[in-house]
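Let me begin by presenting the structure, written as structure tokens, before commenting on it.
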Amino acid sequence: MLNTEVRELIRKDKLAAVSTESTRTGERSTIEARAMFIFIGAEPYTTWLADEIALDPKGYLLTGADATRSGRQDTPGSAGRPFPLETSGPGVLAAGDLRSGSVQRVAAAVGARTISSSRARSPSTTGCSGSRAR
């Protein structure tokens, strides 16, 4: 989706939908989503996530055990959760340069993205409904 920004994550117990806004027209849309893949780049542009997802002091997303240590109340807490690439938002996975502690290399981001996509599609490993990440 070109010229589009995420404005809101809509959750019940886990991610249910994403609200977006066109940067050209200002039109808002709601997209049903059970998981979300975020790629922003080497300098995090994550202030819009601060109310929903645990961030480190520099604005990078905390995942896995770091998300657990963030102290956020909504962090998945069942056995083995959150998964290594899962954020404090249930079913919200992060990969690449956006993750806190990332080596900020393209090859690492591609590998992490592959794992995130695989987990987003597999309800047995994420607790998600199995819908494809959008």
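Between the amide H of Ala17 and those of Ile10, Ala33, distances stay under 5 Å, these residues lying 5 or more places away or on another chain, with hydrogens modeled in the peptide plane. Evaluating 6.51 cos²θ - 1.76 cosθ + 1.60 at θ = phi - 60° for every residue in the range 44-56, the Karplus couplings come out as x, 10, 10, 4, 5, 9, 3, 7, 10, 10, 5, 10, 7 Hz, glycine and proline recorded as x. Database remark: amide H of Thr4 closer than 5 angstrom to the amide H of Thr23 (H placed geometrically; neighbours at sequence offset of 5 or more, or on other chains; Pro and chain starts carry no H).
Relative to the current alpha-carbon distance between Arg69 and Arg11, full extension at 0.36 nm per residue lengthens the span by 18.7 nm.
We did not get these values from a lab; they are worked out from the coordinates using the rules stated. Predicted, not measured: the structure shown is a model, and the values here were computed from it.
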